[in-house]
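Here's the structure we're looking at; comments come further down.
The values are calculated or read from the model by the stated rules, or taken from the named source; none is laboratory data. What you see is a predicted model, and the numbers here were worked out from it, not measured in a lab. Quick reminder, even Gly has a Cβ in these numbers, built from the backbone with ideal geometry, and neighbours come from all protein chains shown. Ligands, DNA and RNA are stripped out before the accessible areas are found, and what is left, the full protein with its side chains, is counted by its heavy atoms. Shrake-Rupley method; radii C 1.70, N 1.55, O 1.52, S 1.80 Å.
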Amino acid sequence: MTDRYAVIGNPIAHSKSPQIHAAFAKQTNQDISYEAVLAPLDGFEATVRELIKQGYKGANVTVPFKFEAYDACHQHTERAFVAGAVNTLSFNGGHIAGDNTDGVGLVNDIKDNLKHALGDARILLLGAGGAAQGVLLPLLNALPASITIANRTLEKAQRIAKKSSSATIVSANTFEALQGQFDVIINATSAGLSDSALPISNSIFAKSCLAYDMMYGRETPFMAQAKTAGAQVADGLGMLVEQAAEAFYIWRNVRPQTAPVIKLLRSA
Ligand code: ATR
C-alpha cells in the first residue's frame, strides 16, 4: 500500500516540496504519495489530527506553523529542541515525533554542493528569528572557528546566542557594529522579502567568502551586495532540496541523490 505524506502550510500552493519528494520517490523506487495541504491559520492541530486519522505516515511543516508543530509533538530530536521549531513530523499511531532538518539541509548544501568548508570558518549569521535559530546547532556541529549572530534587534541575537550554550565561539552583535571579516555569511533575515538591503559593510566579506541567502527564487539585495564585494553567492534552493532529502531519509531510511533534483528545479 502506498504510504502517504504531505507538507502543511499557509499559503502552500507554490510549495516545491511535492515535486521534490516525487523526484526522490521515483529515484529510489519508494511507493509514496506526497501532497500539499493548506491548513487554516487557526487549524494546524486539527489538520494534523485529520492526517493521522487518514493514515498518513508523516508530514513536513512550513510557514507559519513550525512553532505550533513543535508544540504538537510528543518527542523532539535535539536539533528540533534547540531550534524550538519542527519541520518534519513522523506519525506512529497517535504518537508524533518531531525533527528539524533545515539546519542540516543548509550545512549539507554548503559542504556537499557548494564545496565550501565550515570547519574553522568564521561564520556570520544575519538575523535572529525562527530561520536563524533553526540552523544554529547544525552550524555549531560543523565545528566553525566562530559564529557571530547579527540582528537589527540586538537582544534577540543575544538571546539565541545564550541558548546555544557555546559561549566561547558564539557571539551577538548589531549589523552596524560588525568588525573583521567572515568566511561564510548566511542571510537568515526576511529583509529580502521586502527587497530591503542590510546595513552591512562590503569590508566584512573575506577573500573567497561564501554569501548564502536562505531565500530562493530571485536575487536579494544581500546577494547583489555580496556579488559586488567579490563573494561566491548562493540562494537557498539547495537548502530546500537538502532539508527535504533529510526528511525523506527519516521517513524511508533511504538517502536520495539531491544534485539531479536541484538541477531539475533550477531548469524549471
Ligand atoms: P523567520 O521565521 O523567517 O526567521 P522571523 O522570526 O519573523 O521570521 O524573523 C525575521 C528576521 O528578519 C528577524 O531577525 C528580523 O529582525 P528583528 O529581529 O530585528 O525583527 C529580520 N528582519 C526582517 N526585516 C528586516 C529588515 N528590513 N532589515 C533587517 N532585518 C530584518
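With respect to the numbered conditions (1) within 15 Å of the ligand (Cβ to nearest atom); (2) touching a residue at least 60 places away in the same chain (Cβ under 8 Å), which one is the sole condition not fulfilled by SER164?
Going through (1) within 15 Å of the ligand (Cβ to nearest atom); (2) touching a residue at least 60 places away in the same chain (Cβ under 8 Å) one by one, SER164 breaks only (1).
When PRO260 is evaluated against the numbered criteria (1) in a loop (DSSP other than H, G, I, E, B); (2) open to solvent by 40 Å² or more (accessible area, probe 1.4 Å), which criterion, by number, is the only one it fails?
Unmet for PRO260, out of (1) in a loop (DSSP other than H, G, I, E, B); (2) open to solvent by 40 Å² or more (accessible area, probe 1.4 Å): (1).
Can you report the number of residues in segment 103-139 which are open to solvent by 20 Å² or more (accessible area, probe 1.4 Å), over 23 Å from ALA231 (Cα atoms) and within 13 Å of the ligand (Cβ to nearest atom)?
Here the count works out to 3.
Check segment 16-26 and report whether any residue there is in contact (Cβ under 8 Å) with a residue 12 or more places away in the chain and touching a Ser or Thr at 6+ places or on another chain (Cβ under 8 Å).
Checked segment 16-26: at least one residue is in contact (Cβ under 8 Å) with a residue 12 or more places away in the chain and touching a Ser or Thr at 6+ places or on another chain (Cβ under 8 Å).
To keep it simple, each residue is scored yes or no on (1) in contact with a Pro (Cβ under 9 Å, 6 or more places away or on another chain); (2) among the charged types (D, E, K, R); (3) assigned by TED's automatic domain parsing to the domain that holds PRO18; (4) over 26 Å from ASP99 (Cα atoms).
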site: ASP183; (1), (2), (3), (4): yes, yes, no, yes
site: SER190; (1), (2), (3), (4): no, no, no, no
site: ASP195; (1), (2), (3), (4): yes, yes, no, yes
site: ILE204; (1), (2), (3), (4): no, no, no, yes
site: ARG218; (1), (2), (3), (4): no, yes, no, yes
site: MET223; (1), (2), (3), (4): no, no, no, yes
site: GLU246; (1), (2), (3), (4): no, yes, no, no
site: ASN253; (1), (2), (3), (4): no, no, no, no
site: PRO256; (1), (2), (3), (4): no, no, no, no
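Restricting to segment 14-36, name every residue that is surrounded by fewer than 21 Cβ atoms within 10 Å (Cβ to Cβ) and among the β-branched types (Val, Ile, Thr).
THR28, ILE32, listed by residue number.
Any idea which of (1) more than 10 Å from the ligand (Cβ to nearest atom); (2) of a type in the set (Gly, Ala, Ser); (3) open to solvent by 30 Å² or more (accessible area, probe 1.4 Å) is the one ALA142 doesn't satisfy?
Here ALA142 clears every test but (3).
Identify the single condition in (1) touching a residue at least 24 places away in the same chain (Cβ under 8 Å); (2) farther than 22 Å from ASP102 by Cβ that GLU155 does not satisfy, given that it satisfies every other one.
(1)
Of the conditions (1) open to solvent by 10 Å² or more (accessible area, probe 1.4 Å); (2) at pLDDT 95 or above; (3) not acidic (Asp, Glu), THR168 fails just one. Which one is it?
Status for THR168: all satisfied but (2).
How many of the residues making up segment 45-66 are surrounded by fewer than 22 Cβ atoms within 10 Å (Cβ to Cβ), part of a helix (DSSP H, G or I) and of a type outside the set (Val, Ile, Thr)?
6
Please go through segment 51-96 and pick out each residue that is among the acidic types (Asp, Glu) and touching a Phe, Trp or Tyr at 6+ places or on another chain (Cβ under 9 Å).
Of everything in segment 51-96, just one residue is among the acidic types (Asp, Glu) and touching a Phe, Trp or Tyr at 6+ places or on another chain (Cβ under 9 Å), namely GLU68.
Restricting attention to segment 73-101, which residues are open to solvent by less than 20 Å² (accessible area, probe 1.4 Å) and in a helix (DSSP H, G or I)?
ALA80, ALA83
In segment 172-213, which residues are more than 16 Å from the ligand (Cβ to nearest atom) and open to solvent by 30 Å² or more (accessible area, probe 1.4 Å)?
GLN179, GLY180, GLN181, ASP183, ASN202, SER203, LYS207, SER208
Considering only residues that are more than 10 Å from the ligand (Cβ to nearest atom), open to solvent by less than 50 Å² (accessible area, probe 1.4 Å) and closer than 22 Å to ALA85 by Cα, which ones fall in segment 145-161?
Across segment 145-161, the qualifying residues are ILE147, THR148, ALA161.
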